[in-house]
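Chemist: Handing you a structure now.
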Amino acid sequence: MEINFKNKKALIRVDFNVPLDKAYNITDDTRIRMALPTIQHVLKNGGSAILMSHLGRPLKKLKEDGSLDVEKFTLRHLTGHLGELLGVAVKFCPETVGDTAQQMADALQPGEVLMLENTRFQKEEEKGDPEFSKKLAALGDVYVNDAFGTAHRAHASTTIVAQYFAPEARTFGFLMKNEVENAGKVLNNPARPFTAITGGAKVSDKILLLERFLDLVDNIIIGGGMAYTFFKAQGGKIGNSLVEDDRLELAAELLKKAEAKGVKIYLPVDSVVADKFDNNADRKVTASNAVPDGYMGLDIGEKARAEFSSVIKSSKTIIWNGPMGVFEMPNFAEGTKTIATAVAEATKAGAFSLVGGGDSVAAVNQMGLADEVSFVSTGGGAMLEMLEGKELPGIKAITG
Ligand code: AMP
């Protein structure tokens with residue numbers, strides 16, 4: 001970060017949207033830990049930190065009497081743990097903006113940390129309200145955005161607030177900078193062959209991504225539930241496998257476009273099929289376009305694993321989004337595991353690999369391979385939108 005933080009109050013947007021149990025203990029503090037380098041940098045360089053974050057969707061989950069469920073969504077629950085991680089007591093402000101927030105911010109000394117109340121307690125946050133943003137901006141001297149996970153939203157604390165700081169007084173935090181740089185590695189001059197691996201449940205969720213990949217990559221591997229829509233579109237028999245009948249034409253068109261553009265599409269030639277959606281279902285391996293009646297494809301088969309692995313291992317740039325099967329059930333996790341291992345091996349051999357989007361991130365974590373790929377993105381939706389070629393408001397607000 002180029003800003004000199006000495007004697008500056010840094011207004012930092014972090015993503016502390018962590019899971020809590022019923023007693024409000026943090027059950028996974030990854031997001032908090034990821035923001036530590038940025039906060040520590042500010043403190044070490046003589047600044048103070050005013051932290052903003054959302055937690056859950058408090059305005060969508062009001063109490064029965066229509067009031068805010070402050071106890072459930074307050075960021076106060078996080079300050080103790082954050083303080084322990086930082087080695088600095090974290091002050092808490094019970095409002096996001098207002099007189100108390102302004103007074104507490106004004107009184108903040110170098111080396112101190114202040115956490116503001118949940119930004120989403122205010123309806124103005126998601127609306128990107130300028131007045132609310134201005135009040136937030138008045139709390140700090142400089143603005144740091146380290147919340148990549150919300151960079152695709154033009155909310156007050158993630159985007160609009162940046163307008164009230166001069167270009168030299170606003171910057172990305174380390175986490176956000178890292179995400180933007182790694183996305184850049186696959187989007188700008190990637191080493192070839194470039195392979196995109198997509199999977200998961202729905203074609204409709206991934207269609208923009210697939211379209212974009214047609215202009216970027218050499219190979220597209222399609223696994224998971226979404227593959228069966230493509231098989232059906234080609235006249236295959238898919239039994240009870242997941243299908244989106246309203247996307248058949250789109251799938252067929254995509255295959256045609258790929259051919260015209262010289263992009264090779266790999267669908268799983270075989271599948272592990274099951275008679276019900278259950279880990280203990282009766283299982284067998286069949287061709288993916290000849291799934292018997294009463295059966296559904298829940299994982300890619302041996303032949304598909306071998307073919308996909310060989311494509312992956314000969315690639316120099318790899319993007320992976322979406323599991324190859326229902327990896328949450330051990331009997332249908334093998335395909336995803338094989339692909340994760342192939343990505344790790346390709347990386348060891350010099351390829352650049354980026355894993356982005358919720359479930360494939362969960363899969364590499366579950367398999368203990370997160371350290372063996374080049375980059376695991378923390379921002380599911382934000383990373384997908386970046387890969388789709390969209391300009392993210394939270395990024396544009398910093399870079400101008
Ligand atoms: P997505 O969020 O679209 O990436 O989808 C991830 C989900 O797709 C995971 O929960 C997987 O269990 C599920 N999934 C993957 N393959 C299949 C399949 N063949 N049939 C049904 N669900 C699947």
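Chemist: Taking the stretch 242-282, which residues are within 12 Å of the ligand (Cβ to nearest atom) and closer than 18 Å to residue 198 by Cβ?
Modeler: 242, 243, 244, 268, 271
Chemist: Being open to solvent by 10 Å² or more (accessible area, probe 1.4 Å), away from the ligand (no atom under 12 Å from the Cβ) and within 20 Å of the chain's Cα centre (by Cα) is the filter; apply it to the stretch 198-232 and report the residue that is farthest from residue 297 (Cα to Cα).
Modeler: Out of the qualifying residues, it is 212.
Chemist: Still on this structure: Would you please name the residue that is surrounded by the fewest Cβ atoms within 10 Å (Cβ to Cβ), looking only at residues in the stretch 317-328 that are near the ligand (Cβ under 9 Å from one of its atoms) and at pLDDT 95 or above?
Modeler: Going through the stretch 317-328, the residues near the ligand (Cβ under 9 Å from one of its atoms) turn out to be 321-328.
Now drop any that are not at pLDDT 95 or above, which leaves 324-326.
Working: 324: 34, 325: 29, 326: 25.
That would be 326.
Chemist: Checking the structure you have, find out if any residue of the stretch 136-150 is more than 14 Å from residue 15 (Cα to Cα), assigned by TED's automatic domain parsing to the domain that holds residue 95, in contact with a strand residue (DSSP E or B) (Cβ under 6 Å, 6 or more places away or on another chain) and open to solvent by 30 Å² or more (accessible area, probe 1.4 Å).
Modeler: Our first condition is that a residue be more than 14 Å from residue 15 (Cα to Cα); within the stretch 136-150, this holds for 136-143.
Still in the running and assigned by TED's automatic domain parsing to the domain that holds residue 95: 136-143.
This time we only want the ones that are in contact with a strand residue (DSSP E or B) (Cβ under 6 Å, 6 or more places away or on another chain), so: 139-143.
Applying the additional criterion that residues be open to solvent by 30 Å² or more (accessible area, probe 1.4 Å) yields 141.
Scanning the stretch 136-150 turns up at least one residue that is more than 14 Å from residue 15 (Cα to Cα), assigned by TED's automatic domain parsing to the domain that holds residue 95, in contact with a strand residue (DSSP E or B) (Cβ under 6 Å, 6 or more places away or on another chain) and open to solvent by 30 Å² or more (accessible area, probe 1.4 Å).
Chemist: Of these, 239, 235, which one is at positive phi and within 16 Å of the ligand (Cβ to nearest atom)? Reasoning before the result, please.
Modeler: On the way: 235 fails: within 16 Å of the ligand (Cβ to nearest atom).
Just one listed residue meets the conditions, 239.
Chemist: I would also like to ask the following. Between a residue in the stretch 196-217 that is in a loop (DSSP other than H, G, I, E, B) and any residue that is away from the ligand (no atom under 15 Å from the Cβ), which pairs come within a Cβ distance under 7 Å, given they are 6 or more apart or on different chains?
Modeler: 216/194; 217/194; 217/195; 217/263
Chemist: Within the stretch 120-128, can one find any residue that is acidic (Asp, Glu), out of contact with any Asp or Glu (no Cβ under 9 Å at 6 or more places or on another chain) and buried (at least 23 other Cβ atoms within 10 Å of the Cβ)? I'd like the intermediate steps shown before the answer.
Modeler: Pass one, the stretch 120-128, residues acidic (Asp, Glu): 124-126.
Right, trim to out of contact with any Asp or Glu (no Cβ under 9 Å at 6 or more places or on another chain) and you get 125-126.
Checking the rest, the ones that are also buried (at least 23 other Cβ atoms within 10 Å of the Cβ) come to 125.
Scanning the stretch 120-128 turns up at least one residue that is acidic (Asp, Glu), out of contact with any Asp or Glu (no Cβ under 9 Å at 6 or more places or on another chain) and buried (at least 23 other Cβ atoms within 10 Å of the Cβ).
Chemist: What about residue 57, is it of a type in the set (Lys, Arg) and crowded, with 17+ Cβ neighbours inside 10 Å? Walk me through how you get there before you give the answer.
Modeler: Numbers: of a type in the set (Lys, Arg): yes; crowded, with 17+ Cβ neighbours inside 10 Å: no.
So residue 57 does not fit the description; no.
Chemist: Further question: Sort through 18, 97, 90 and tell me the only one that's under 27 Å from the mean Cα position of the chain (by Cα) and open to solvent by less than 30 Å² (accessible area, probe 1.4 Å).
Modeler: Only one candidate passes the filter, namely 18.
Chemist: Please enumerate the residues belonging to the stretch 175-197 that are open to solvent by less than 30 Å² (accessible area, probe 1.4 Å) and of a type in the set (Gly, Ala, Ser).
Modeler: 183, 184, 196
Chemist: Also, quick follow-up: Under 7 Å between Cβ atoms, at least 6 apart or on separate chains: pull out the pairs that start in the stretch 377-389 with a residue that is open to solvent by 10 Å² or more (accessible area, probe 1.4 Å) and hydrophobic (A, V, I, L, M, F, W, C) and end on any residue that is assigned to a loop (DSSP other than H, G, I, E, B) and modelled with pLDDT under 85.
Modeler: 384/357
Chemist: Sort through 368, 350, 335 and tell me the only one that's open to solvent by 50 Å² or more (accessible area, probe 1.4 Å) and either part of a helix (DSSP H, G or I) or without any contact (Cβ under 8 Å) to a residue 12 or more places away in the chain (or both). Spell out the reasoning first.
Modeler: Values: 350 fails: either part of a helix (DSSP H, G or I) or without any contact (Cβ under 8 Å) to a residue 12 or more places away in the chain (or both); 335 fails: open to solvent by 50 Å² or more (accessible area, probe 1.4 Å).
Residue meeting the stated conditions: 368.
Chemist: Here is a further query. Of the conditions (1) open to solvent by less than 10 Å² (accessible area, probe 1.4 Å); (2) of a type in the set (Phe, Trp, Tyr); (3) more than 16 Å from the ligand (Cβ to nearest atom), residue 172 satisfies every one except a single condition; which number is it?
Modeler: Only one criterion in (1) open to solvent by less than 10 Å² (accessible area, probe 1.4 Å); (2) of a type in the set (Phe, Trp, Tyr); (3) more than 16 Å from the ligand (Cβ to nearest atom) is unmet by residue 172, namely (1).
Residues are listed down the side, and each one gets a yes or a no for (1) without any contact (Cβ under 8 Å) to a residue 60 or more places away in the chain; (2) under 16 Å from residue 172 (Cβ atoms); (3) assigned to a helix (DSSP H, G or I):
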position	(1), (2), (3)
7	no, no, no
10	no, yes, no
16	no, no, no
22	yes, no, no
32	yes, no, yes
42	no, yes, yes
50	no, no, no
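Chemist: OK, next. What number of residues within the stretch 313-334 satisfy the criterion of being more than 22 Å from the chain's Cα centre (by Cα) and not charged (D, E, K, R)?
Modeler: First, pick out the residues of the stretch 313-334 that are more than 22 Å from the chain's Cα centre (by Cα): 313-316, 329-332, 334.
Narrowing further to those that are not charged (D, E, K, R): 314-315, 329-332.
Residues meeting the conditions: 6.
The values are calculated or read from the model by the stated rules, or taken from the named source; none is laboratory data. Since the structure is predicted, the reported quantities are computational estimates derived from the model, not experimental observations. Here Cβ is always computed from backbone atoms with ideal geometry, including for glycine, and neighbour counts include all displayed protein chains. These accessible areas exclude ligands, DNA and RNA; they are computed on the full protein's heavy atoms, side chains included. Shrake-Rupley method; radii C 1.70, N 1.55, O 1.52, S 1.80 Å.
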